[in-house]
């Protein structure tokens, strides 16, 4: 039998909205994606099993699907001993429980043997299994419980057998209805779209501003962030900035409702930004320099650093000021004074008062000066500044200190220059006196005796002296170290005499160390010479 176009349309509408006991259902398997294990050659697509046609007559490319296990007539190879299947992809997760299947039927008879037994799965989880065929062409089944999934598959549990399926329907309640047979109307008005359980009528999510199982209760506060609250308790999930509490009607720390119904930041002058949530009064006092319930008033006078939050009386002064008995900060601290009566700031005392006692806080004058100083502020030196008034002290102090400093520097430089000159005069010999021949004063030969030098050397003489022979103490040493000072020869160290009598000459002559007549000696160092012994000659 061939159905007319109008008949097919009516069947489609019937399948989309099916009335069962006067209640509405919706077939969600319509207009989705489909697949099957194989297709008999020349047969229609997989969508033929979900197009709304429940007539059961196989019409090529129009109704029913037909799989095949014979490779010669199949569009794809199918291994032997394989169960044939057909499936629908719903495109998203749906609650699945009520399903109706339709078998093939025509004048030949019933084709239930090509549909039964079967198993239906939802995302690979078993929904229901049917082991025997009914006497009718259709069979409505229910999953043991509501299953949530996207891909629903029917599998023929028989090998070496083609699958014939003419219609596969998945029903859920129409919009606004719920219950086992969609008998209840309707889900909560403010239930979020697609969040109503079709079996229980409970909403899994509500639209903003509502809560409850059916989303029929308004959230308790408009201060909930985005107007959302807990679906069961109605408490705000989050609050807008500045608000706190389960219903977001309280102000969070640092905010208050002072003079308004909205939470605003506490005064910046509240210590730690801590204020009462309703009144805005500062709870921990004020920052320095402020007082009042909200700490918006400045402490006075200017020298006051902290004052009582409510009375405004000064409790502590700024540096350089003292708190007087009247809780005022008009008096300067010890060591400071006011230059004028209207001066805002205090000036440091001169520091010259006797024993560093503080000056007068009103005038800056000293009660007493140290010895040698006088004047109201002890700037007048009785010797250097005699006749200088205190009014001129400040003008003179700089020049005097500068002059003293300059003189001190000049003395230091002069001393350094003198020492340099003196050292240079001791170590420098004129070019004309580089070679000098000196006559030896008579000395005694020591002959291994400890002969002490004269206490006072004889004056320097340029006249030749008597013949003198110096004997060597050690016969094995051809030379002996001698010290020459003021024409005197010493065996040991030079005598302690004035530096001005020292001889500083250097001999450049390369002649013999001692003259042939043993009367003269050439000096090659300022203070010592190795003398070669000579035989004694008489003049």
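Could you tell me whether residue 327 is closer than 30 Å to residue 270 by Cα and touching a residue at least 12 places away in the same chain (Cβ under 8 Å)? Yes: the conditions hold for residue 327. With the structure loaded, tell me whether residue 217 is loosely packed, with under 15 Cβ neighbours inside 10 Å, in contact with a strand residue (DSSP E or B) (Cβ under 9 Å, 6 or more places away or on another chain), under 22 Å from residue 192 (Cβ atoms) and without any contact (Cβ under 8 Å) to a residue 60 or more places away in the chain or whether it fails that test. When the stated conditions are applied, residue 217 does not pass them. Cβ separations smaller than 6 Å between residues 6+ apart or across chains give no pair from region 347-358 residues that are over 22 Å from residue 318 (Cβ atoms) to residues that are assigned to a strand (DSSP E or B).
Number of residues in region 268-312 that are at positive phi, buried (at least 16 other Cβ atoms within 10 Å of the Cβ) and outside any loop (DSSP other than H, G, I, E, B): the value is 1. Can you confirm whether region 199-221 contains a residue that is outside the structural domain of residue 88 (by TED's automatic domain parsing) and under 30 Å from residue 284 (Cβ atoms)? So far as region 199-221 goes, yes, one or more of its residues are outside the structural domain of residue 88 (by TED's automatic domain parsing) and under 30 Å from residue 284 (Cβ atoms). The set of residues in region 267-291 that are in contact with a helix residue (DSSP H, G or I) (Cβ under 9 Å, 6 or more places away or on another chain) and either within 29 Å of residue 234 (Cα to Cα) or touching a residue at least 24 places away in the same chain (Cβ under 8 Å) (or both) comprises 267, 282, 285. On the given criteria, is residue 155 in a strand (DSSP E or B) and either within 29 Å of residue 130 (Cβ to Cβ) or not assigned by TED's automatic domain parsing to the domain that holds residue 86 (or both)? Answer is yes for this residue.
The values are calculated or read from the model by the stated rules, or taken from the named source; none is laboratory data. What you are looking at is a predicted structure, and each value in this text was computed from that prediction instead of being measured. A quick note on method: Cβ atoms are made from the backbone with ideal geometry, for glycine too, and the neighbour counts reach across all protein chains shown.
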